[in-house]
Structures are given as structure tokens and as C-alpha cells.
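Report on the following structure.
Throughout, read-outs are computed from the coordinates displayed, never taken from laboratory work. Because the structure is a prediction, the values reported are computed rather than measured. Note: ideal-geometry Cβ built from the backbone for every residue, glycine included; neighbour counts use all protein chains shown.
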Amino acid sequence: MAEKSGSALVIGAGISGLRSAIDLAETGYHVFLVDKAPHIGGILEQLDHQFPTNRCGMCKLLPAVEPDQASQQCLRRGLFHGNIEILASAEVMDISGEAGNFCATLHQHPTLVDPNRCMGCGQCAEACPVEVKDTFNAGLSTRKAIYQPAPQALPGTHVIDLSACTHCGECVSVCPTGAIRMAAADRKKFKILVADEASSVREQLQTLMAGEGFLVDTAESGEAALEKLKSEAFHLVLLDIKMPDMEGVDVLKEALAVQPSLQVVMTTACAAVQSAVESIKAGAADYLVKPFSEDFLLPQIYRFYEESGKGRQRELSVGAVIIATGCRYFNPAEGKDIFGYGLYPDVVTHLAFERLISGTGPFGGRLVRPSDRRPVNKIAWIQCVGSRDLQTDSDFCSSICCMSAVKEAMLAREIGGGQVETVIFHMDLRVFEKPFQQYLDDAKRSGVRFQRCRVHSVACSEDGARLAIRYVDMDGAREALFDLVVLSVGQRPAEDAEKFSEMLGLELNPWGYLAPRPFSLTETSAPGVFLGGAVSGLTDINDAVIRAGAAACGASKAIHKSGGSLETVESADDGRDRDINREEPNILVILCVCGDRLKALIDMDVLLDRIQTEPAVSQCLEVDGLCSPDGWAKMLEELKDKPVNRILLATCAANAYAHRRLEIADAAGLPEAAVQIKDVFPSDWFAGGAPAKEQTPYNTGYVERCLKLAIAGLKGIHWGPAEKIPVYQSALIIGGGIAGMTAALAIAGHGFRVDLVEKAEQLGGNLNWLGRTIDGADVAERLQTTVSRVNDNSLIHVHLNSTVADIRGSVGRFQSTIGEGKNAQTGHHGAVLLATGGVEGATESYGYGKSPAVMTQKAFETARSEGRIDPAALSSVAMIQCVDCREPPRNYCSRVCCLSSLKHAMYLKEQNPDLSVYILYRDMMTPGFYETYYTQARRKGIIFFPYTPEAKPEVVVPGQNGDGASRLRIRANDPIIGQSVEIEADLLILATGITPVLPGDLMSKLRAEVDEHGFFKEADFKWRPVESLAAGVFACGLALSPRLIDESMASAEAAAMRAVRMINRQYLTAGRKIAVVRHSLCSGCQLCISACPYGAREIDPEFGRIEVNPLKCQGCGACAAICPNSATVLAEGSETEMFEMIDAAMGPV
Amino acid sequence: MLSATGSPTVYPEEKAEDLLGPLQEKLCACIQCGTCTASCRNAHLMDFTPRRLWRLVLMGQTEEIFHSKTFALCSACYYCTLRCPRGLPLTDAMNLLKQLGAKKDVAGYRPNARFYGSFLDSVRRHGRINEVEFMRRYFILMKNPAIPIKFTPLGIRLLRKKKISMLPNKRKPEYPLDQFFQRVEKLENQQ
């Protein structure tokens, strides 16, 4: 019997990986989160702003219900969740087994720095003599070989870049905590064989490596090398590709036969791609070109030496695997058309631009040119660099670059105070998500200029000071000068895609991306293995988060199916629940003295005397060396059995300890909030020796003030026991379309009851009239299998011809009335999912309704599938996109219509190649790999006319104007030839888009918001895309926004995952940092009810008083700020606490 | 069915698609991005841009295409072909237009076609170029006395520098090229 396990492996800790990991961890699984990089966050670690908010918001991924599960701090700084084990700098080497029982082999890359000891002081980086380009800042600045991978990460653990480190040992000698290991003694055990015909090379390498302490042997021929390998074990062989007696590759093969674990590096004086490929295929570890310089070779040797260390391999037993390794970006220097990238320093990629304007970037957030640091006045963005370009084998769109360019242009204008001129050179503007069109309109209003064309070239201006862009507008070729040019580089598949494809037998699409199965964005051909985020094509955050949720749902179902437990082990430690609210403050102050360094600066006796006079302080404890594991352990030992109820820890670098608060709290048997950590050391403590006293007013008084401030804060905390609310362990899904059914199957797949309410007489929604997708997948067949799976599932109760008449309650406890009259039933559910779908938009434009020859896309699809369209009888068909869409009042893109038109056009053209098809469009929305259908459509001879909302096409219906014409006539303007064009058509198909049918009354009963267009309003479009701010209410499919079938299904699975997380336990534990109402002070004015963004407050009709729902409350404090009587109090941050802290900070010393 | 308002077609006996069909096939993936125009070093001399030319080809506007000298001014530098994001054979398309222009004896392309024709004719007879004969044939074909006058100053300069000779070339070609030309003609007809 195979052993089941309740844990999952998430590969890649970018946004998608984090979302999947947090979803699974919240649900109760143990998650291994692996990333090759030394930090989590992926590319988001480098981006400070995201469209369409121009803010960050990554922390919104953290649990909102039961928030105390994870450390609630900026996610870009780090993630601390009890169920997530983060394995950074690690690589998955192999995965074997089956769904429910995988075994993954991990290789941990050495960083040579002990993360338990490293304090992030940065002295090592200062001492390091090796300087390399900083990849984090996209090469705009340099860093040392020992460095902090992400500037904002906490604790700022440093790592060593082994490909650059020369092992000089400078850092080891300056590290105050002895965190860096570079033991020379072990090098003697590392045996290297140099096999080379030339004695000079052998001698040079031997001297060089032996000088570093390695054990080196040599061989002058292939035979001699093999002899030596047979007689003794070596770790590394440097083998020349041409040996006197035999081919190097043959020696390599034989050597590996003798010692399979041997690392062989091929060396050659004349590099050739073929021999390199051949040797790597034969099993060589690397391929190096002679002659070697010392600086080049030694880091390579050290890399092999460090990687060979014991304990690097680790095996994990997991139930499911999520691959979320993201994708790479196109390198413009690779292609022939390089726009001067790499030649002119002021031509940068959009990633470099993000770093350039970042506060933690190379120029501190100032908008200056990389070449001469002079202010930038004019910036150009060039779109589609390495995307939508058949010459670089990229017949795909990269989906996000249009919006990121718009965002960057807006930010540039903001930073430059509106003085910076910004131009975006684009083809189509892909604004295919719900809020993007409005964002684009905002950008146009704010003065960002858009030029529709592809840029031909970037060259240096004649005076050499600026960059000249050659492009074309309607008047012909032009040239314009810019200070900075940003290339919106496109996507390329992840480095690991091929590796995982081979390892797990996964399919790759024609461009080398891991491809999901039809009708899914996350499922693969290997059961139990799922794709998350951008690994199957670049996505924005919204999409990545949805896909991550869907992947987590798939993984969770796989683990559950194989018997993996959903239960979490409740913590036995009751200290965390101890109620210190009513206890008299009794504070223990712990002061780290850092050897004699603190005593040299302040008068310790005076300080301790003064602190002890504070009545709340019962004891002061001097400790030393908290940054060392020994010092930390000693301090924890001292905490045992201390009769205190609050602890203040005064150290240096308080941030480095923030995530260890819980350790202290557990040791003292206290809740986490009762522990505060305060930085009382000079800010430049680590900058080398004694602090500069004249710069920082650092003296005994300063430390005392710091401590008193913290003591005042500690005295005022309110920290009651967490409330536990019982949960109805079932879900209500409203809407039986594909999204509703998918969500129902996902929740029922976890063993929970689902009530699926559909107002029509059959399930299926819009899928009932859709024939095929543009990919050629059979929609009807999919619908049939889904419906029968729903009907066969005993946990899913389908209510046809029904609506939800009434609903009340909140997260965990919803009570609803399903159906009306005699058949009405009462439902009890822990979560509600709205999958109410959408319908085709109505229109009266372009002669619709005046002639049967003018029809909507849905009408055409229906007529086609019913055989009422005969393509052979038609000679000309026109289509108009964005009918009443992408302009007020329906100012959003409906996403599906461009693809539908392409699908219909290609169908017509296939059936009758003589038929002319004309598509009148504003921007063709074919994001991602759908771009290839756009190319195909053009290749088939379909003619496209762009139009603008200012100059829309005109349609003359036969019989109109009394001219007796028998066909439709459409007049449009062709901007390229600058002439008006008349199209005679037998048929005109209008793309009228999608409008939602969300039931407004239910939404207000659920206290969930509806957006201006009638779609479900997400808690946050990017970060919490399937849920409402009102906890426990979710949405999926068209109710959220227009989307394709597979996207609807992914959103359904993501929403199901969030819902399962709510109902999988019998109780939900409320957060403790929430607001409470003091009813004796409350006047019942109800200002707080409307102020609460989470709908957490309501008036209790029985007692007429304000009640706070502890599960919904996020402790934001909006209520406390608006309350005129101070009747609302926050658990951390009450008025008393704040005033006492201000007094302490301002008071006499 | 499509028409640019108010422009009759120039070759009513032949449908535009048949004439431009092979070209449309080559160009239909065009996205009108304008990289070709921005690449073109002769674009400022053309009466309209290459981008517009390709658009007209796709729309079957034969008359406007052959009334222009855009394709005639292509110097076959291949810059546009190199840069086209769709990888379209734009220079080939220009050549095809030139061939069509010559075949149809389009007014706009007539001087070019006759110039090239006279040149090749001379080469065919002598195996090498005889400048005087070449220009004489060209002037006769053009039937315009203004043209020889225009070329006179250039001719005098070349004569002075002994770049050309007024004496007719009587030498028989060592390797007659006539067969070669016949073969090419045959191949062209097969196409």
C-alpha cells in the first residue's frame, strides 16, 4: 500500500507559487515552497508598483480570515507561515511517484552563509573585493560577491554568489557572528584530476588549484586518466576534449561508466557549439574554453567543490506538485534587431526601468539616465520587442507589456511632476481585462502619448547626447529624439520548462512552454502535477493569482482523493491564548549589550536605574550576543518561569528578529503581542566601529526615550483570547453554468456538500449554445461530461428552476432560502459562490434590428450550429468589433469577442475560400498564444480595418435611404491609405460583448459590492480576484468579468479553493488584532457601519447595539477613527496606548 | 466586395485578384505596422509609402498601385525584408510589382521598363554593354526628343573621360548570351 501524505510541493516562489502555497497552507496542508533564487517573491520582488492601482498590495495574499496564521507583515520582506517551509536557493532534481505519493529530490545550492547566524549587517559586503553586475537591479548597478539578494528582505540574510566568489576569505574575518563558512581544511579532501596533453596546462592548473588547498593529480593521455580513475576516486576531472590517444568525449563516457557520480568538465582551446552540445549530452558537467584566467577558473572550481558537499540532497514526500517557475524575458541583444540595446546605456528593458525608478534601485528613485545621471525629459516605450514577431519566432503576445508600459509612463510623469514627455509606440493596445480600458483612458488624460506603429530603429543622435527613434506615422517616416528608450521585452519559456517536461512527461506547446490540458489552465497530462502562473505563458497578477488558486485546488483535490488529511494539528500551547488584557502590566526588559560596545557609549547604571523607576517594569535583564544561536538560546532559557506578562527586547537590527517574536512568546508562555522588539542602538552601528556621535544624538537619554516609548506601548495592549465561531461545512453556489459546475465539483471533491442553484431548467448556461472554441475543442462534449459528473455526484444537490430568495448571515454561517413557495428549502452554508454568469450585450447600433443580415455573434454561432448559414451562398461578410463596448457607459473590453470573430471568420474562409471577410476593429485582443490565430486569420486573407471611436464605421441597410441596393453597405476609413472605403456585405456580425446578470439584491444582502458595470467587485482586482471584501462571499466566471471558458473554470477552481479553506474546519478562529465596541460609551450613531470597508459591523436588532463580526474585522481602525465617542477600541493601538507613547516620546529625560 | 470610393479599376478584363493574387498571398500576414516605411531610404521620394502600397495590394487597388512610382523607386536594399516583424518577402514583392508593371506596360513604370529592356537587349547582342547603342535604343523607344537632350551633358562628360566610345562595337561575343536569355524566357513562361 502506498503511503499517503498531506503535503504539497510548490516549485517557484513568485506570486503564483506564494498564492498556491498560502492557499494550501491555510487549508491545512504542509507546503514545501522551493525556489532556485535565494529570495521569495520572484519578479514581484523587483517591482514596486502594479497596474492598475500604481501601488503594491502583495500583502493582500496573506490570510484575511484567521489572520494570525501567518506573520502579518509586508510579503516582499518575507513570508512566515507555520505550514510553509521555504526552501530558497534549492532546485528540484527529480520527481517520481504518482498522485498522492510523489518523491521529490531537492538539491540545496550552497550559499556559504548560515541564515541562523547572519544578521544582515552588511559588513561582509563592504569587505568583499569582488564586484559584479547586480542582476536584481537589471545590471544597472554593481554588487559584491557576497550580497543581500533583495534589499527589502527580512532578515537581510546575505548569500555568496559562487560564480563570482574567489574565496579570498575577507568576509569571513569581518563577520561579527561567524556566519560565513569557508573551511580550508576540507579542500584537501576534494580530489581533482587534470587530463591534458600539454604539460604547461597541467602544471599551470596544478599549481593554481593546489595553491588553493585542493588535492590535484594529472594525466597526460586518455588511457592514463582512465587508469587513475579506476584506481582511486576523484571528485572533479578537467578533461581536454582532444587527448593524444583518444577523443575526449570517449574518455568522458568511459570515466562516467567507472565513476557515475564524477563531475567532468570538458576543456578546449577551440570552442565549437557542436562539441559543446555533444559533451553535455554525454554527461559533462560543464564546458570551458581555454586559456583560463585565474579569476575565471577558481570560482568555477569552487562552485563544483561547494556543490559536492554532503547534505545537499534532500528528499521530500509530497501528495501533489505545483510547477510555478514563471517565465523568462526576451533578451533584445540576442536577436538581430536590437534597437541599440547593449550599445547605448540609455536603452533599457522595462524591468530595468522598474528598478531605475524604484526607491531601492540604483538611483534611489530619481528619474535619471543611466549613462550620465542627468534628468530625463523625454521617454519612449517600444512595445512588442520579442513578441508578435515572426522573425524572432514569437508568434505570441506577451499579454502584460501594454499595461506595464502604460503604468511606467504614468509613473514617469508622476515622478517628473508632469514635465516628462512620454510616448508609447505600440501596435494593438491589449486592454483585455475589466479595469484596463479605464486605466488606459486615465493614462491618455494624464498626458501619456500613444503612437500606433512599430519603431524601426534606435540610433544615437548626431550630437551624441540623445537617442533618435525612426518610426512612421500617417505622413511617412519620421525621426524623434528621446533621453531614454524603454524596450517592452516579451516572454520566453522558463529555463526549467524542458527539464520538467522530461521529468514528468508533460507536454510543451510549440514555443516551449508547459502546456495545460484543453479546458484547463492548470491541469497537466500527469495526474497530481499542476501548472501555476506564468509557466504556461506570461500573465498579469490577477491571472497568475487565479491560476495559482486553481492549481492549489487541483493539488488539494489530488491529495484529498488519495487520503491525505485535511485536518490541521491544533497547537497545544495555550500561552498564545492567555488573556493578559486584565492583568496588571508586568514588563521584563531585556537589553542586549553587545559585548562592551554599548557600555562604551552610554552610562548603563543610570539607564537601568531610570528604567526600573517605571512602575510597570518588574525586571531588567542584560544579555549578550543575541545574534548568535548560543546567545539566543541562553536568552530563551532565562525567560522560563519569569512571572511577567509582557516582554520588551532591546537590540540592534530589530527587524531581523521580528519574525522570531513567537519563539520568545512561546518560551515565556505569552501571546505574541505581549512581546515587543525595539531597536535602541545607533543606526550606523554596523557601519564599522564606533558610531559618529555628532551625527546621531546618541546618549543614555536617547536609549531611555526609546525604551520608555516601547514600554508605554506595551502597557496599553489589549489581547483577549481568540473567538471561535462554528462553521456550516457546506457551500452554496448560485448559477449552474460551467463556472458554477466546476466550483461545485471542486468543493464536492473535498467531501463537502454543495447546493447548486440554477434558475434555468437545465445546467450549462452559455455553453449550451457554444459549439467549438477557437482551438477546435468540442464545447458540447465538455458540457455533457461536466453535467453528468455533477448529476452523478451525491454531494452536489442541484436545484433547477430555482433562485435564492433570501440570504442572511456572514462567513461560516449563511442561512438561505432556496426556491419559492411550497418548494422553498432552507440552506445552511459556510460559504457562498456567485457564478451567475453573463449574457451577450444588447445593441441598437449599426442597423441592428433593421435587417436580418445584421446579427450578433451569438445569433451567428447559433445559426451556424443549426446549419442555417451556408458559406457557399455568401460572397462577402463583415464584422464590427467593440459594439457599444470599450467606451462609456460600458467602458470595458469583453475579451471573448475578438477571438469569436476570428473563429467565425476562419470558419467561413475555410468553408468558402472565395468568400471575402472584413473585420473592423479597434485593437485585436488576442493575448498570449491566441495571437497565432490572428496571424492565421491574416494569412487566410481576412482583411482587417482599424477604426477609432471618433470615426466609427457607418452601415447602410438595404432599402434604407430608398436606394434599392440589395446588400448591406459599410463605410469605413482606412487610415493607411487615408481614404474612405465601402464594403458591400451579405452579412454583418456585431461583437456586442458581455454584460453581467449579477443579482443586486442578493449582493446587498451578502454585503458584497457590485462594480459600476454590474460585475462582482473583487476585494482587490489583482491580489484577491475571486472574493469579496465581505468574507465568505466568492465569485467566479462571467460574474467577475468577461472571460473565456478555461478562464472561467480556473476562476471557479480558485474560488472553490478559497471556499474550501473557509469550510474545512468546524470552527474558524477570529483574528485578535480587531476592533471591539464599548457599548456603555456607544451612542448608536452607526457611523462606523458605513465606515467599515469589510462589512464587519451591523446593528443587533435585539439589543439595538453595534456588533463586530470578529471573522470579518481586519483591524484597520477606520471605525475607531470615525467614532465620536471613542467607543470603538482597537486591540493594538488604542487611544490610551497612543497618547502614553507620545508622552513618553516627548516627555523629559 | 470592396472598393475604395470613387476609383474604377484599370484592367477591367482581368480581375484584381488574379493579377495581384500571388502578391496578396505573399503579403497577407501584413499588420500595417510601418516598419518597412521607416526602413526605406527612398520613402521620401515615393509618392506614397511602402506601407500604403502593401495595403493597396491587399485591397486589390490595381490602378492606384500602378499609377504610383513607389515600387519603381525600390532600390532592393532588403532593409525592409530584414526588419519586417512578420518576416514578409517585401523586396521580392517589389520585384514582382516591377515585373507586372513591365509586362502590363504601365505608364508609370514605362521609362524604367524600357531603360532596363534596352540595357538587356544590348547585353544580349554583344555579351557586354554597348552604351551608345543602349542609349540609342532607349531614346527610340521613348519617342521623346526631350530625353536625349536631358542625357546630353552626362554623355559629353563620359565621352571626355573616355568612359564610353561613340564607335560601334563590331566584335562578336566570345560566348553568345542569346541561348541564356532564351532559357530564362522559357523558364519565365513556364511560371
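Using the crude model of +1 on Lys and Arg Cβ and -1 on Asp and Glu Cβ, and no other charge, please compute the dipole size for chain A relative to its Cα centre, in debye to 20.
Charge dipole, chain A, about its Cα centre: 1920 debye, nearest 20.
Rounded to whole Hz and in sequence order, give me ³J(HN,Hα) for the range A:521-533 from the Karplus expression 6.51 cos²θ - 1.76 cosθ + 1.60, θ = phi - 60°, writing x for Gly and Pro.
9, 10, 6, 10, 6, 9, x, x, 10, 10, 9, x, x
With a/c under 1.5 counting as rounded, go ahead and sort the range A:1025-1149 into rounded, prolate or oblate using the C-alpha gyration tensor (a ≥ b ≥ c being the square roots of the eigenvalues; past the cut-off, prolate if a/b is larger than b/c, else oblate).
prolate
What order do you get for A:GLU421, A:GLU887 when you list them from fewest to most C-beta neighbours inside 10 Å?
A:GLU887, A:GLU421
If one takes the longest principal axis of the Cα atoms in chain B, at what angle in degrees, from 0 to 90 and to the nearest 10, does the Cα axis of helix B:131-142 lie?
Value to nearest ten degrees: 50.
Past the 19 Å Cα-Cα mark, which pairs from A:LYS724/A:LYS1112; B:LYS103/B:LYS186; A:LYS378/A:LYS434?
Cα-Cα > 19 Å for A:LYS378/A:LYS434; rest within.
Between helix B:146-160 and chain B, what is the angle of the helix's C-alpha long axis to the longest principal axis, kept within 0 to 90° and rounded to the nearest 10?
The helix B:146-160 is inclined about 50 degrees to chain B.
Work out the mean other chain Cβ neighbour count within 10 Å for the residues of A:423-434 and drop it here as an integer. It would help to have the intermediate numbers written out before the result.
Values: counts 0, 0, 1, 1, 5, 1, 0, 0, 0, 0, 0, 0.
That works out to 1 on average.
Would you mind pulling out the separation of the Cα centroids of the range A:47-112 and the range A:501-515, in Å?
24 Å
Name the residues whose placed amide hydrogens come within less than 5 Å of the amide hydrogen of A:VAL675, ignoring near sequence neighbours (fewer than 5 apart) on the same chain.
A:ILE647
How would A:ILE734, A:ILE976 line up from fewest to most surrounding beta-carbon atoms within 10 angstrom? Each step should come with its number before you reach the end.
Numbers: A:ILE734 28, A:ILE976 22.
Fewest to most other Cβ atoms nearby, the residues stand as A:ILE976, A:ILE734.
Which of A:THR349, A:ASN645, A:MET427 sits farthest toward the positive end of the charge dipole of chain A, with +1 on the Cβ of Lys and Arg and -1 on the Cβ of Asp and Glu?
The residue sitting farthest along the positive end of the dipole is A:MET427.
Just going by the charge dipole of the protein assembly as shown, with Lys and Arg at +1 and Asp and Glu at -1 on Cβ, which of A:MET635, A:CYS460, B:HIS126 is farthest out on the positive end?
Towards the positive end, the residue furthest out is B:HIS126.
Quick one: in the range A:858-937, what % of C-alpha pairs are over 22 Å apart?
Tail of the P(r) past 22 Å holds 28 percent of the pairs.
What is the average number of partner chain Cβ atoms found within 10 Å of a Cβ in A:934-941?
Values: counts 2, 4, 1, 2, 7, 4, 2, 7.
Mean number of neighbouring Cβ atoms from other chains: 4.
Could you tell me the extents of the range A:447-553's C-alpha atoms along the three principal axes, largest first, rounded to whole Å?
That works out to 61, 30, 24 Å along the principal axes.
Classify the protein assembly as shown as rounded, prolate or oblate, taking a ≥ b ≥ c as the square roots of the eigenvalues of its Cα gyration tensor: rounded when a/c is under 1.5, otherwise prolate if a/b is larger than b/c and oblate if not.
In terms of gyration-tensor shape, oblate.
Diagonalise the Cα gyration tensor of the range B:110-190 and give the resulting equivalent ellipsoid semi-axes, square root of 5 times each eigenvalue, largest first, whole Å.
Semi-axes from the Cα gyration tensor: 25, 18, 8 Å.
Take the alpha carbon gyration tensor of the range A:840-994, find the square roots of its eigenvalues, order them as a ≥ b ≥ c, and report rounded if a/c is under 1.5; if not, report prolate when a/b exceeds b/c, else oblate.
Judged from the Cα gyration tensor, the range A:840-994 comes out rounded (a/c under 1.5).
Rounded to whole Å and ordered largest first, report the semi-axes of the equivalent ellipsoid of the range A:613-675 derived from its Cα gyration tensor (root of 5λ).
Values: eigenvalues 63, 36, 31 Å².
Result for the range A:613-675: semi-axes of 18, 14, 13 Å.
Which Cα, out of A:ALA777, A:THR111, A:GLY837, lies furthest along the positive dipole direction of the protein assembly as shown (beta carbon charges, K/R +1, D/E -1)?
A:ALA777
For A:HIS659, A:HIS30, what's the fewest-to-most ordering of other Cβ within 10 Å of each Cβ?
Lowest count first: A:HIS659, A:HIS30.
What are the radius of gyration and Dmax of the range A:110-182, computed over its Cα atoms and given in Å?
Final numbers for Rg and Dmax: 11.2, 31 Å.
Restricting to DSSP H runs of at least four residues, report the calculated mean residue ellipticity at 222 nm for chain A, -39500 (n - 2.57) per run over all residues, nearest 500 deg cm²/dmol.
My calculation for chain A gives -7500 deg cm²/dmol from helical runs alone.
To the nearest 10 degrees, how steeply does helix B:110-126 sit against the main Cα axis of chain B, on a 0 to 90 scale?
So the helix axis and the longest Cα principal axis differ by about 40 degrees.
Order A:831-841, A:115-125 from most to least packed using the mean count of other Cβ atoms within 10 Å.
A:831-841, A:115-125
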